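Worksheet: one structure, shown below.
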Amino acid sequence: MKFTFLGTGTSTGVPEIGCRCEVCTSRDTRDKRMRTSALVEVDGKRIIIDCGPDFRYQMLSNRIAWIDAVLITHEHYDHVGGLDDIRPLGREKDLQIYAEENVIEAIKTRMPYAFGANKYPGVPQLDLFSIANQSFNIFGIPVIPIRLMHGRLPILGFRIGHMAYLSDLTSIPEEEFEKLQNLDVLVIEALKKGTHPSHEGLEEALIQIERIKPKAAYLIHMSHRIGLHAVVDRELDSHIHLAYDGLSIEF
Ligand SMILES: [Zn+2]
Ligand SMILES: [Zn+2]
Ligand SMILES: [Zn+2]
């Protein structure tokens, strides 16, 4: 499996508009974070996780010319705001989008012109598949959803093979931990140092990593308050890394 971090930033991205802090003004490219999204390449298929407002530039900068499917964790703008930009990738075939029913409804409300009886010509051809917290397959590749609480909002993370992807969470329900055993790679949110009512902070992420015990962990969905990449990454145990945009790992 090859896993590419297309974006590793929180909803505002880093730098944050107007901010002059040391992270937002850093010249280290690893401190520039687009909205969180990832590409999973497995068995010759390409699955994108979340499709935020930086999707177009993420496809161009990573030279991605085709994808097979998109998994959506939840309906917040930073995770679905780029769905319209999928158009060039869906001309040959309808693109399969997998999300929970309430998320599908939110997508339809956000893009009324792309659904319904009299579609405007040229709209994105999105094939929406409703999923629940039950295993399913995409082109024969098993995907295990993982329930997460994002403040009071129930959302989904995903496990594919020995990789789990958990973005935007405050807690993982107790019964979900058994799905997180034997991981080679855990990708998990660490918004910033300190706590937040609807996101996981760095210290909380480290506690989850300690419990889940993946071989390696990569932190995502970071704000400028995480600190400088070069400084914070060095402070972490050797199997825990701050992810950065464009990083690819194979395992
Ligand atoms: Zn988010
Ligand atoms: Zn800043
Ligand atoms: Zn969110």
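The values are calculated or read from the model by the stated rules, or taken from the named source; none is laboratory data. None of these values were measured; they are calculated from a predicted model. Cβ: placed from backbone, ideal geometry, glycine included. Neighbour counts: every protein chain shown. SASA here: full protein model, heavy atoms, side chains in, ligands and nucleic acids out. Shrake-Rupley method; radii C 1.70, N 1.55, O 1.52, S 1.80 Å.
Answer yes if at least one residue in region 36-59 is of a type outside the set (Val, Ile, Thr), away from ligand 2 (no atom under 16 Å from the Cβ), assigned to a helix (DSSP H, G or I) and open to solvent by 60 Å² or more (accessible area, probe 1.4 Å), and no otherwise. Outline the logic, then answer.
The first filter runs over region 36-59 and keeps only residues of a type outside the set (Val, Ile, Thr), leaving 37-39, 41, 43-46, 50-59.
Now narrow it down to the ones that are away from ligand 2 (no atom under 16 Å from the Cβ): 37-39, 41, 43-46, 50-59.
This time we only want the ones that are assigned to a helix (DSSP H, G or I), so: 55-59.
Narrowing the set further to residues that are open to solvent by 60 Å² or more (accessible area, probe 1.4 Å) leaves 56-57.
Looking for residues that are of a type outside the set (Val, Ile, Thr), away from ligand 2 (no atom under 16 Å from the Cβ), assigned to a helix (DSSP H, G or I) and open to solvent by 60 Å² or more (accessible area, probe 1.4 Å), one finds at least one in region 36-59, hence yes.
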* Give me the pairs, please: first residue somewhere in region 68-88 and among the acidic types (Asp, Glu) and assigned to a helix (DSSP H, G or I), second residue anywhere and open to solvent by 10 Å² or more (accessible area, probe 1.4 Å) and within 16 Å of ligand 2 (Cβ to nearest atom), beta-carbon distance under 6 Å, and either six or more positions apart or on two chains. => Asp78/Ser11; Asp78/Arg35
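Among the candidates Ala205, Ala114, Ala132, Ala164, which residue alone is touching a helix residue (DSSP H, G or I) at 6+ places or on another chain (Cβ under 9 Å) and either charged (D, E, K, R) or closer than 30 Å to Glu235 by Cβ (or both)?
Numbers: Ala205 fails: touching a helix residue (DSSP H, G or I) at 6+ places or on another chain (Cβ under 9 Å); Ala114 fails: either charged (D, E, K, R) or closer than 30 Å to Glu235 by Cβ (or both); Ala132 fails: either charged (D, E, K, R) or closer than 30 Å to Glu235 by Cβ (or both).
Within the list Ala205, Ala114, Ala132, Ala164, the selection yields Ala164.
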* Asked: Any residue in region 53-72 that is touching a helix residue (DSSP H, G or I) at 6+ places or on another chain (Cβ under 6 Å), of a type outside the set (A, V, I, L, M, F, W, C), within 28 Å of Leu202 (Cβ to Cβ) and at pLDDT 95 or above?
  -> no
* To do: Having 1 or more residues that are crowded, with 17+ Cβ neighbours inside 10 Å and within 16 Å of ligand 1 (Cβ to nearest atom) is the bar; report the strands (runs of 3 or more DSSP E) wholly within region 135-233 that clear it.
  => 141-150, 153-160, 163-166, 185-189, 216-220
* Asked: Of all residues in region 228-245, which are among the charged types (D, E, K, R) and touching a strand residue (DSSP E or B) at 6+ places or on another chain (Cβ under 7 Å)?
  -> Asp233, Asp245
